[in-house]
């Protein structure tokens, strides 16, 4: 919770970049901070879920990884740092992670009906 509060405070403090520097630089800082807070929230959710169930769910890990990739992609596209090869590779990685997440939800160990094909 402290990390979330500090992240929010940092985001609010980065509003000064818009006032004292260019809007472009300030917007880049704010977008990076907000996306980082989303990642921290998702990781916090994963830790809470681990504490409650003594296991880490694949969906939580893939969600966090997807958020990290989307953060880097958004920042790189905004700064115009990436070539098309790198963007294409991140898109393929996002597609694979999306497929993994869908399969993890469909064949969840919590859902006994989805695993009926294993019992014969």
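Miscellaneous remarks
- Between 33, 22, the distinction of being surrounded by 12 or more Cβ atoms within 10 Å (Cβ to Cβ) and either farther than 17 Å from residue 67 by Cα or modelled with pLDDT under 80 (or both) belongs to 33 only.
- So residue 44, is it over 16 Å from the mean Cα position of the chain (by Cα), closer than 30 Å to residue 10 by Cα and assigned to a helix (DSSP H, G or I): no
- Cβ-Cβ contacts under 8 Å between residues 6 or more apart (or on different chains), taken from a first residue in region 47-74 that is surrounded by fewer than 16 Cβ atoms within 10 Å (Cβ to Cβ) to a second residue that is not in a helix (DSSP H, G or I), are listed as 49/56; 49/57; 50/56.
- Positions within region 76-97 being buried (at least 16 other Cβ atoms within 10 Å of the Cβ) and within 13 Å of the chain's Cα centre (by Cα), in sequence order: 97
The values are calculated or read from the model by the stated rules, or taken from the named source; none is laboratory data. A quick note: this is a predicted structure, and the numbers were derived from the prediction, not measured. As a convention, Cβ positions derive from the backbone with ideal geometry for all residues, glycine included, and neighbour counts pool all protein chains shown.
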